[in-house]
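The values are calculated or read from the model by the stated rules, or taken from the named source; none is laboratory data. None of the values given here were measured: they were computed from a predicted structure. No Cβ is skipped: glycine too gets one built from the backbone with ideal geometry, and neighbour counts run over all protein chains shown. When the accessible area is computed, the model is the full protein with side chains, heavy atoms only, and any ligands, DNA or RNA have been set aside. Shrake-Rupley method; radii C 1.70, N 1.55, O 1.52, S 1.80 Å.
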Amino acid sequence: MWRAVNTDPQQSLTAIVPHRAPMLLLSGLESFSSEEARATAAVRDGNPFLRPDGKLERVAYAEIMAQCFAAGAGASLLAAGGVCAGWGYLAALRDVTVHADAHVGQRLDVLVRVSARLGEIAVVDGEVHAEGQLLATGQFKIFMPEETA
């Protein structure tokens, strides 16, 4: 597994994911392989999923896990000498469970693992933690065109 070391993680993220502020929810890609990625996300003011009470909307967890997968997949393609097309599609969500809410000021640790590949579809299991507490889990399917898979 390769560890990302960058002086400007936001700049490196924009090279491997299509998201831009304010929809870029990740803070950095910590590590990746072709089957697993770890990333961080800081819950900050200005987050489009932030509720008035300072807590993150629960739907944001699925987006954060999907962005972690996109960052890991993009970095893996570049590391293998390929071209990062910077796109894919979140095709389905399954069993997304939110165990606790995140709030402004927290750092979220995100882990995703590919559990299966079905042609151009990757089946991915994800987890989001904060301060050692499991916040959310879920499974999702990502459609990746043949040239980026």
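Points worth noting:
- Carbon + sulfur, % of accessible area of the range 14-81 - ligands and nucleic acids excluded, 1.4 Å: 55
- Rough spin-label spacing in nm, given labels placed 7 Å along Cα→Cβ, for residue 80 and residue 103: 4.3
- Annotation: amide H of residue 91 within the under-5 Å range of 141, 142, 143, sequence separation 5 or more or interchain, hydrogens built in the peptide plane.
- Full extension of the chain between residue 14 and residue 33 yields a length gain of 5.0 nm, computed as 0.36 nm times the residue separation minus the alpha carbon distance.
- Accessible area in square angstrom per residue, the chain, 1.4 angstrom probe: 51
- A simple spin-label model places the labels of residue 23 and residue 93 1.5 nm from each other, with each point 7 Å out along Cα-to-Cβ.
- Think of each Lys and Arg Cβ as +1 and each Asp and Glu Cβ as -1; about the Cα centre, that makes the dipole of the chain roughly 100 debye.
- Spin-label pair residue 58-residue 143: with each label point 7 Å from Cα along the Cα-Cβ axis, the two points sit 2.7 nm from one another.
- Using the empirical formula 2.2 N^0.38 Å as the baseline, the Cα radius of gyration of the chain reaches a ratio of 0.97.
- Accessible area of residue 137 in the full protein assembly, 1.4 Å probe (Å², nearest 10): 40
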